[in-house]
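The values are calculated or read from the model by the stated rules, or taken from the named source; none is laboratory data. Values in this document were obtained by computation on a predicted structure and should not be read as measured data. Ligands, DNA and RNA are stripped out before the accessible areas are found, and what is left, the full protein with its side chains, is counted by its heavy atoms. Shrake-Rupley method; radii C 1.70, N 1.55, O 1.52, S 1.80 Å.
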Amino acid sequence: MAGTSGGRPSIYPTLLYADAKAAIRQLTEALGFTELSVYEGEDGSVLHAELVQGNGAVMVGSKGRGGVFDTAMKDSGTTGVYVVVDDVDAHHRRAVDHGTEILMPPTDQDYGSRDYMARDIEGNVWSFGTYAPETGS
C-alpha cells in the first residue's frame with residue numbers, strides 16, 4: 001500500500017457544487033476550514049480548490065464544467081464527510097452563528113466521541129467530532 005510523505009493525508013473527499021464559491025465561503029467562515037488554494041476558470045467557475053482543517057483536506061470544484069469526474073458525479077447524491085475537531089461545542093457555536101443548518105446538536109456518543117452534524121448549502125452532510133480512529137501508521 002502506498003504511503004504519503006511529509007505528513008500529507010492519503011484520502012481527500014472531493015465535492016462538486018453548483019455554486020462552489022458560496023460553498024467555499026460557508027466551509028471557511030462557518031465550518032472552520034482554511035483555504036489552501038483556489039483555481040478559477042476564465043468564466044469564474046472554481047476549477048479546483050483545496051480546503052484544510054487539522055491535518056486533513058477536501059477538494060472542491062464547480063459542477064457542470066465537463067470532464068470525466070464531473071460526468072461521473074452528475075447523478076450522484078450528496079456526500080457525507082466526518083472531520084475531527086478538538087472543541088466540538090465551540091465549532092458548533094461557530095456554525096450556528098453563521099446560520100448553518102444543524103441536523104444534530106453536540107451529542108456524547110456511546111463509543112466515546114462527542115460530535116454534531118450539519119448540512120451545507122447544497123445538501124452535503126458534515127459531521128464534526130472528537131472520534132479519531134487509529135489508522136496504524
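How high is the relative contact order of the chain, in percent, with contacts defined as C-alpha pairs under 8 Å that are six or more residues apart? The normalised contact order for the chain reaches 22 percent.
A Gaussian network model of the chain, with springs between Cα atoms under 10 Å, assigns the largest mean-square fluctuation among 113, 62, 76 to 76. By the helix-only formula, in which each DSSP H run with n ≥ 4 contributes -39500 (n - 2.57) and the sum is divided by residues, the chain has a 222 nm mean residue ellipticity of -5500 deg cm²/dmol. Angle of helix 20-29 to the longest C-alpha principal axis of the chain, folded into 0 to 90 degrees and rounded to 10: 30°. GNM on the chain, C-alpha springs below 10 Å: top fluctuator among 109, 53, 26? Residue with maximal mean-square fluctuation among 109, 53, 26: 109. Taking all protein chains into account, the per residue accessible area for segment 1-132 stands at 59 Å² (1.4 Å probe). Among 71, 79, 28, the largest mean-square fluctuation in a Gaussian network model of the chain (Cα springs under 10 Å) belongs to 71. Restricting attention to the chain, close to 70% of DSSP beta bridges with both partner residues there are antiparallel.
Across the alpha-carbon set of segment 68-131, the Rg to Rh ratio works out to 1.07, Rh being the Kirkwood radius.
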